[in-house]
Amino acid sequence: MGKIKIAIIGVGNCASSLIQGIYYYTGKNEEDAIGLMHWDIDGYKPEDIEVVAAFDIDKRKVGKDLSEAIFAPPNCTKIFCENIPWMDVEVAMGPVLDGVASHMKEYDEKYTFSVADEEPVDVVEVLEDSGAEILLNYLPVGSEKATRYYAKCALEAGTAFINNIPVFIASNPKWASRFEKAGLPLIGDDIKAQIGATITHRTLTQLFKNRGVRLDRTYQLNTGGNTDFLNMLNRDRLHSKKKSKTEAVQSILGDERLDPENIHIGPSDYVAWQKDNKVCYLRMEGRIFGDVPMNLEVRLSVEDSPNSAGCVIDAIRCCKLALKRGIAGPLTSISAYTMKHPPIQYPDEKAAKLVDKFISGEIER
Ligand SMILES: O=P(O)(O)OC[C@H]1O[C@@H](O)[C@H](O)[C@@H](O)[C@@H]1O
């Protein structure tokens, strides 16, 4: 049935986990494959994904084979598949736009960002030559210009686009129609991890709602020690991230949406030693029967990047299905299931059912 050829922008922890996952699941069967929402999607298993191009701007990664670059610093995610064979994909130098936060150099050498000296490649040409069908965006949060640049490259090169970061592309009708006109599928925006802060917060919010409990106040505080958290110390980069995360919870509440002062959601601090372990503290205050107050506190601790890959592995395969079926524009079911800021928000249980209907061909997108 052929491979699903993908290209990756940003060879960070999330790319590393995705690539490790492709090899980790190779040769396994459904019974011993732990950690997947779908073992196969219309016949496509994780091992059917092939990375054919990758872009980065860090000198520790550019020019290296992808099999080595995914383990280069500052990547720090848990290694769950050590033996990645030579992939024969050299990490190409991307254009330097707004992907690098200015405060990065304040940190110690290990984390200091170092831009490679190479001239940027012609991204469209690299995509075309590689035969990539889908381009995945893993740029740092706040990379507005760079995301738009690569989205344009996808349109020019004729690749579908999966936007894993909180820059609004799939949920922006203008961009969505550009992809639709170009005949290309689009998934986004901002990956909602497998068991992450957002899905946990949404699920508990839905529980309050289902059980008639009025939610009065809530917060979601997140700490981590990966480059994502370091980058997010620059509060200027957080605008769309906060919007994406907050909207993901508010959308469950419907006409009981909280006033902005009663909902606080966002990345909270960078703790270097946590590395790729993300810790999320959730508090929800509400009122039960008789208007009687209650509160709930949850602490979630999870490795951030495999948590993201657990969803991206399905987004890629659904995107391939759309390509095969000639469906263009935003894919609303898989976006709602795997992204925090999709073109249409559905409760997660409904989104899961819609994805199954999309896979079986019962619904178009
Ligand atoms: O835990 P949440 O809220 O689903 O968010 C998870 C994802 O959020 C993204 O913005 C991060 O870049 C990912 O690394 C992360 O996995």
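The values are calculated or read from the model by the stated rules, or taken from the named source; none is laboratory data. Fair warning: this is a prediction, and the values are worked out from it, not measured in the lab. Backbone-built Cβ (ideal geometry, glycine too); neighbour counts: all protein chains shown. Areas reflect the complete protein model, heavy atoms only, side chains present, ligands, DNA and RNA absent. Shrake-Rupley method; radii C 1.70, N 1.55, O 1.52, S 1.80 Å.
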Margin query: Below 8 Å, C-alpha to C-alpha, sequence gap of six or more: please give me the relative contact order for region 1-103 in percent.
Written below: 35 percent
Note to self: What's the magnitude of the charge dipole for the chain around its Cα centre, counting Lys and Arg as +1 and Asp and Glu as -1 at the beta-carbon? Answer in Debye, nearest 20.
What the structure shows: 1200 debye
Notebook entry, point to check: What relative contact order, as a whole-number percentage, does region 197-304 give when Cα pairs under 8 Å and 6 or more residues apart are counted?
Noted result: 37 percent
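State whether region 3-162 is rounded, prolate or oblate according to the following rule on the C-alpha gyration tensor (a ≥ b ≥ c being the square roots of its eigenvalues): a/c under 1.5 gives rounded; otherwise a/b larger than b/c gives prolate, and the remaining case gives oblate.
Numbers: a/c = 1.91, a/b = 1.32, b/c = 1.44.
Oblate shape, in that a/c is at least 1.5 and b/c is the bigger or equal ratio.
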Next item on the list: For region 263-312, state what percent of all Cα-Cα pairs lands in each successive 10 Å bin, counting from 0 Å until the bin that includes the largest distance.
Entry: 19, 38, 26, 14, 3
Check: Considering only Leu204, Leu230, Leu282, whose Cα is most displaced toward the positive end of the charge dipole of region 197-304, charges sitting on Cβ of Lys, Arg (+1) and Asp, Glu (-1)?
Finding: Leu204
Note to self: For Cys153, what accessible surface area do you get with a 1.4 Å probe? Give it in Å², rounded to 10.
What the structure shows: 10 Å²
Margin query: With a cut-off of 8 Å between alpha carbons and a minimum separation of six or more residues, what is the relative contact order of the chain in percent?
Written below: 20 percent
Check: In units of 2.2 N^0.38 Å, what is the alpha-carbon radius of gyration of region 1-67?
Finding: 1.22
Next item on the list: Would you work out the charge dipole size for region 288-365 about its Cα centre, treating the Cβ of every Lys and Arg as +1 and the Cβ of every Asp and Glu as -1, and quote it to the nearest 20 debye?
Entry: 500 debye
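Leaving out ligands, DNA and RNA, and with a 1.4 Å probe, what % of the accessible surface on the chain is carbon or sulfur?
Values: 7780 of 15630 Å².
Carbon-and-sulfur percentage of accessible area, whole number: 50.
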Notebook entry, point to check: Can you list, bin by bin at 20 Å, the percent of alpha carbon pairs in the chain, starting at 0?
Noted result: 31, 60, 10, 0
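Compare the peptides 258-264, 27-33 by average per-residue count of other Cβ atoms within 10 angstrom and give them in order, highest first.
Values: 258-264: 12.6, 27-33: 9.9.
Result, highest mean Cβ count within 10 Å first: 258-264, 27-33.
Run the dipole for region 197-304 about the Cα centre, Lys and Arg Cβ at +1, Asp and Glu Cβ at -1, nothing else charged, and hand back the magnitude in debye, nearest 20. Mind dumping the intermediate values first?
Details: 17 positive and 15 negative charges, 22 e Å.
Here the size comes out at about 100 debye.
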Checklist line | Asp236/Asp122 FRET efficiency (R0 45 Å; Cβ-Cβ; nearest 0.05) | finding: 0.90
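Using 0.36 nm per residue of separation minus the Cα-Cα distance, give me the extension gain between Glu50 and Lys181 in nm, one decimal.
Numbers: separation 131, 0.36 × 131 = 47.16 nm, distance 2.66 nm.
The span from Glu50 to Lys181 would gain 44.5 nm if fully extended.
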Next item on the list: Please arrange Ser251, Ser143 by accessible surface area, largest first, computed with a 1.4 Å probe and ligands excluded.
Entry: Ser251, Ser143
Item checked: Alpha carbon Rg of region 197-304, scaled by the compact-globule rule 2.2 N^0.38 Å -> 1.11
Item checked: Cβ-Cβ FRET estimate between Lys152 and Ser360, R0 fixed at 41 Å, reported to 0.05 -> 0.75
Margin query: Quick check: the distance between the Cα centres of region 218-266 and region 302-333, to the nearest angstrom?
Written below: 23 Å
Item checked: Helix 144-157 axis, angle to the chain major axis (alpha carbon atoms, nearest 10°) -> 50 degrees
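Would you calculate a helix-derived [θ] at 222 nm for the chain, using -39,500 (n - 2.57) for each DSSP H run of n ≥ 4 and dividing by the full residue count, to the nearest 500? Please list the in-between numbers first.
Details: 11 runs with 124 residues, N = 365.
Mean residue ellipticity at 222 nm (helix-derived): -10500 deg cm²/dmol.
Please give the length that would be gained between Ser114 and Arg217 if that part of the chain were fully extended, namely 0.36 nm times their separation in residues minus their C-alpha to C-alpha distance (nm, one decimal). Write out the running numbers ahead of the final one.
Numbers: separation 103, 0.36 × 103 = 37.08 nm, distance 4.17 nm.
Taking 0.36 nm per residue and subtracting the Cα distance, the gain is 32.9 nm.
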